[in-house]
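Below is one structure, written out as structure tokens; the observations come after it.
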Amino acid sequence: SALPHPEILSINRYRHRIATMTSRDTKIVAVSHVGGKDQGDSEWHTIRAVFHNFADLPHHRGERVDSSTMECHGHMWAVRLYPGGHSTSKDDDQVAIFLGCVSPVKGMVEVKANYRIRIPSSGKSFRSRQKRVFGPRKSLGWKDFANRSEVLGDQSGFLVDGNLTVEVDIQVAQDRLPTWTPSIDVASDWMKLLDSATSETADVSFLVGGEGKEREIHAHSLVLRARAPDLAALADEYDQGTQIPIEDVDPDIFYHLLHCTLRVRWTDS
């Protein structure tokens, strides 16, 4: 039979040499494949930012208000709101909304992603036409998302109780098979308990505010014992089902204080 071509023999010897070196002398600690194809796109996941009291936020053109950072697809993101428009907006009657990737992952250069920015209460949304590249200092979005006068309008549906809720759907390109990690967000679960608490589901009731401005705010005794022991001790002084008076405190401030108590771990220092 015919012998293999000399070039084929050379290639086979090279492959054998590499295999021998790898098995005998080299400890592989990481592998990078360059020039291959993406494994596909991730699922769409959503982050939400609620900007309270929108009308009172700084609204000179170019002034920015950032949400806290939120994890999605292994990266940290922030919603960046310009209540009075971006410096590049077409006029002074604009609201600009951008998404920024502020991931602290060491060595991160860029993230490729599709994204949609939505105001769920109004139904208005914009979506990227193709995957865009986010860098450590690069935000993407729309400088003319909506007219500010429209957002502030009573019939627009943008604001709910004066607050602007922005939802961003994110789908990232995956260059490796996704790794499942358990999601642990106890604080978020506690917030859901507080937000959904009613006289039927909660066992603590606070009557907050002065005469004529009272508001009933419900809570759960077990959560208070874990996160607000002073309030839990106060609740223990009353029979279950009794409205616990909290006077000389604005109901909204008390409610936001409860939110903060559940989300932030306080220390004595």
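The values are calculated or read from the model by the stated rules, or taken from the named source; none is laboratory data. Given the structure is predicted, the values throughout are model-derived calculations rather than measurements. In this analysis, Cβ positions are derived from the backbone assuming ideal geometry, glycine residues included, and neighbour counts consider all displayed protein chains. Side chains are part of the model used for accessible areas, which takes the heavy atoms of the whole protein and leaves out ligands, DNA and RNA. Shrake-Rupley method; radii C 1.70, N 1.55, O 1.52, S 1.80 Å.
The figures follow:
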{"item": "Assigned charges on the beta-carbon of Lys, Arg, Asp, Glu; region 199-269 dipole about Cα centre (debye)", "result": "460 debye"}
{"item": "Sequence-distant residues sharing a close amide H with residue 103 (under 5 Å, placed H)", "result": "76"}
{"item": "In order through region 144-159: 3J(HN,Hα) via Karplus (6.51 cos²θ - 1.76 cosθ + 1.60), integer Hz, x for Gly, Pro", "result": "10, 5, 7, 6, 4, 4, 6, 4, 7, x, 5, 9, 6, x, 5, 9"}
{"item": "Within-10-Å neighbourhood charge of residue 52 [Cβ basis; K, R +1; D, E -1]", "result": "-3"}
{"item": "Table column - 3J(HN,Hα) (Hz), region 73-87, Karplus curve with 6.51, -1.76, 1.60, x for Gly and Pro", "result": "6, x, 10, 9, 10, 9, 8, 10, 10, 10, x, x, x, 7, 4"}
{"item": "Sites residue 250 and residue 69, calculated FRET efficiency, Cβ-Cβ separation with R0 22 Å, nearest 0.05", "result": "0.15"}
{"item": "³J(HN,Hα) computed for each position of region 44-59 - Karplus, 6.51 cos²θ - 1.76 cosθ + 1.60, integer Hz, glycine/proline x", "result": "7, 10, 10, 10, 9, 10, 10, 9, 6, 6, 3, 4, 9, 6, x, 9"}
{"item": "Heavy atoms of residue 201 accessible to a 1.4 Å probe, total area in Å² rounded to 10", "result": "80 Å²"}
{"item": "Extension gain from residue 121 to residue 60, taking 0.36 nm per residue of separation minus the Cα-Cα distance", "result": "19.5 nm"}
{"item": "Eligible aspartates and glutamates near residue 192 by straight Cα distance, threshold 19 Å, same-chain separation 8 or greater", "result": "71, 161, 167, 200, 203, 216, 252"}
{"item": "Region 130-252, dipole about Cα centre (Lys/Arg Cβ +1, Asp/Glu Cβ -1), debye to the nearest 20", "result": "1320 debye"}
{"item": "Long-range HN-HN contacts of residue 202 with modeled amide H, under 5 Å", "result": "none"}
{"item": "Computed FRET value (nearest 0.05) for residue 203 with residue 52, which takes r as the C-beta separation and R₀ as 25 Å", "result": "0.35"}
{"item": "Rounded to the nearest 10 Å², the accessible area of residue 143 at probe 1.4 Å", "result": "80 Å²"}
{"item": "Accessible area in the full protein assembly, largest first, 1.4 Å probe, for 231, 222", "result": "222, 231"}
{"item": "Length gained when the stretch residue 238-residue 41 is fully extended (0.36 nm per residue, less Cα-Cα span)", "result": "65.5 nm"}
{"item": "Potential lengthening between residue 230 and residue 130 on full extension [0.36 nm per residue; Cα-Cα distance subtracted]", "result": "30.8 nm"}
